[in-house]
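Notes for the one structure printed next.
The values are calculated or read from the model by the stated rules, or taken from the named source; none is laboratory data. As the structure is a computational prediction, the values presented were derived from the model and not from experiment. We place every Cβ from the backbone using ideal geometry, glycine too, and count neighbours over all the protein chains shown.
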């Protein structure tokens, strides 16, 4: 009983009755998980078995299927293991939108390491702060961003560097208008492991499975508007609850194709590009950034809906 004499139980019962009366007919009341309440990485494995040839990511015409994404992320988890990364270790991801971001994300989670995305717009001070704050010793970076990585190596614990290039993921002839940066020649980085060739040389993936629902899966940093950015803890249970709560109310139409240009390092981009499509087994058309011409071309070509 509160000081005003209102019973908490009576209040909650009244609230539940009001919600029940206002709830739209036919709208789901319970959160459902199509493949059970299990890690997002297991959703990827399930879809890879059920629909291995379905496009998971389309990047300016280059297609990564569910089978390929599952297999390549297994290889990435193996690469991390061979480099000495273990469950619980922080792995910084310093890349713009590209298929390699998806491979790294799921490989990190499969191993049970912690995904720590960094804005690709960061300069040395910002990158150095975030890498130092999360304690990362490993970073995955775009070749065009390696000068920034090199600036912070001496002042951080970073000693494992994996590099990749847009051109490794681009088709010879893009199907929609592509930004000039995505077509730039590959930059040789002798001080880093070249991601895609390294994955191709792994014959049989082998790594200690570390994926779980409740261990820390990601540290997504805040904008820092009231002080230095802070790492917000996300688990895989958080990830699948977010998408399950949304899709239980508004499930995507069958065989739907989504499009996103939201930055994948940002939590909205992580949700729309990495989590929602894999939970639902849908296809994502991925752009590096907002471009009205590319967006309209992609909608028309890939029947985005």
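Values computed for the structure shown
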{"item": "Among (1) exposed (fewer than 14 other Cβ atoms within 10 Å of the Cβ); (2) touching a helix residue (DSSP H, G or I) at 6+ places or on another chain (Cβ under 6 Å) - the single one residue 223 does not satisfy", "result": "(2)"}
{"item": "Extreme residue, farthest from residue 137 (Cα to Cα), among residues of region 161-172 that are surrounded by fewer than 19 Cβ atoms within 10 Å (Cβ to Cβ) and either in contact with a strand residue (DSSP E or B) (Cβ under 6 Å, 6 or more places away or on another chain) or modelled with pLDDT under 95 (or both)", "result": "172"}
{"item": "Criterion (closer than 30 Å to residue 153 by Cβ and either part of a loop (DSSP other than H, G, I, E, B) or without any contact (Cβ under 8 Å) to a residue 12 or more places away in the chain (or both)) met by exactly one of 87, 21", "result": "87"}
{"item": "Looking only at region 254-295, and only at residues there that are closer than 30 Å to residue 223 by Cα and exposed (fewer than 15 other Cβ atoms within 10 Å of the Cβ), the one that is modelled with the lowest pLDDT", "result": "268"}
{"item": "From the options 65, 41, 78, residue that is crowded, with 17+ Cβ neighbours inside 10 Å, in contact with a helix residue (DSSP H, G or I) (Cβ under 9 Å, 6 or more places away or on another chain), free of Cβ contacts under 8 Å to residues at least 40 places away in the same chain and on the phi < 0 side of the Ramachandran plot", "result": "65"}
{"item": "Unmet criterion (only one of (1) over 22 Å from the mean Cα position of the chain (by Cα); (2) farther than 19 Å from residue 60 by Cα) for residue 149", "result": "(1)"}
{"item": "Only listed residue being more than 30 Å from residue 260 (Cα to Cα) and either out of contact with any strand residue (DSSP E or B) (no Cβ under 8 Å at 6 or more places or on another chain) or surrounded by 13 or more Cβ atoms within 10 Å (Cβ to Cβ) (or both), chosen from 54, 21", "result": "21"}
{"item": "Unmet criterion (only one of (1) touching a strand residue (DSSP E or B) at 6+ places or on another chain (Cβ under 6 Å); (2) outside any loop (DSSP other than H, G, I, E, B); (3) surrounded by fewer than 17 Cβ atoms within 10 Å (Cβ to Cβ)) for residue 248", "result": "(1)"}
